[in-house]
Amino acid sequence: MADYDVVVVGAGNAAMAAAISAREQGAGRVAILEKAPRELRGGNTHYSGGLQRFAYPRAEDLLPLVPNVDEQVPGFLAGVEPYPQKRFAQLPVDRMSCLQTLEAYNAAVTPGVFDPTVRDGLATQGLALPKSNWAQRLDTPPFTAWPVTGGITFTFGGVRVNDRAQVQSTSWTSIAGLYACGEMLGGLFHGNYPGGTGLMSGAVFGRIAGANAARA
């Protein structure tokens with residue numbers, strides 16, 4: 001790789017920001033190394049679509065932004081009102097298991113006052129996967145159902161860097177020529193993080209890392 005001024009490992013949001021920043025700061029040749037197949041390239045941004053997350057009270061509120069959402073994600077707006085059994089036939093899932101899971105959840109919700117501004121302790125009891133706060137029974141229509149899946153946004157751990165995005169050694173000195181950004185970066189978040197800050201961190205530290213790598 002001696003023919004390149006800057007080598008960027010990965011091709012997500014932070015990496016691409018670093019590569020662009022390096023070129024803007026005068027790096028003649030910048031190489032981006034990406035192991036993922038073409039259809040999966042883009043790091044975490046590939047799965048988020050590069051979007052920041054916002055909460056909406058109803059699925060229908062997304063229609064001005066994504067008018068054809070039900071075509072892109074079949075069943076996204078599948079209504080299940082009134083609850084329970086006769087409308088579960090609309091859902092592309094194991095309907096009996098879905099109904100049993102919902103009934104078990106409703107039975108497990110403990111009494112209390114719902115308060116979304118604090119950890120209100122409104123929890124479930126007796127479930128294999130308990131809900132610790134903000135548990136509310138799903139028993140009052142209207143109901144809306146849509147498919148969801150789990151995912152890992154990013155870890156809170158990573159390598160330590162200074163304000164120039166230079167990676168620090170175990171002796172707290174900068175490692176020459178090595179910079180980090182994106183999900184490789186540690187020390188930014190502790191316990192939780194505000195929505196959208198992962199993408200913002202990648203863009204900010206990507207540009208810092210790329211610019212300083214080009215100047216090195």
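Rule-based calculations on the coordinates, nothing more; no lab input. On a predicted model such as this, the values are computed, not experimentally measured, just so you know. When we count neighbours, we look across all protein chains shown, and the Cβ atoms used for this are built from the backbone with ideal geometry, even at glycine.
The table below lists the values:
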read-out	value
Test result for residue 105, over 18 Å from residue 16 (Cα atoms) and either surrounded by 15 or more Cβ atoms within 10 Å (Cβ to Cβ) or among the hydrophobic types (A, V, I, L, M, F, W, C) (or both)	yes
Filtered residue count, region 128-151, keeping only those that are in a loop (DSSP other than H, G, I, E, B), under 25 Å from the mean Cα position of the chain (by Cα) and surrounded by 10 or more Cβ atoms within 10 Å (Cβ to Cβ)	9
Search result, residues across region 89-102 that are assigned to a loop (DSSP other than H, G, I, E, B), over 28 Å from the mean Cα position of the chain (by Cα) and either on the phi > 0 side of the Ramachandran plot or exposed (fewer than 12 other Cβ atoms within 10 Å of the Cβ) (or both)	89
Of all residues making up region 1-26, the number that are over 19 Å from residue 204 (Cβ atoms) and in contact (Cβ under 8 Å) with a residue 40 or more places away in the chain	2
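For (1) over 30 Å from residue 92 (Cβ atoms); (2) more than 23 Å from the chain's Cα centre (by Cα); (3) in a helix (DSSP H, G or I); (4) charged (D, E, K, R), each residue gets a yes or a no:
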{"site": "126", "(1), (2), (3), (4)": "no, yes, no, no"}
{"site": "163", "(1), (2), (3), (4)": "yes, yes, no, yes"}
{"site": "177", "(1), (2), (3), (4)": "yes, yes, no, no"}
{"site": "183", "(1), (2), (3), (4)": "yes, no, yes, yes"}
{"site": "187", "(1), (2), (3), (4)": "yes, no, no, no"}
{"site": "200", "(1), (2), (3), (4)": "yes, no, yes, no"}
{"site": "210", "(1), (2), (3), (4)": "yes, yes, yes, no"}
{"site": "214", "(1), (2), (3), (4)": "yes, yes, yes, no"}
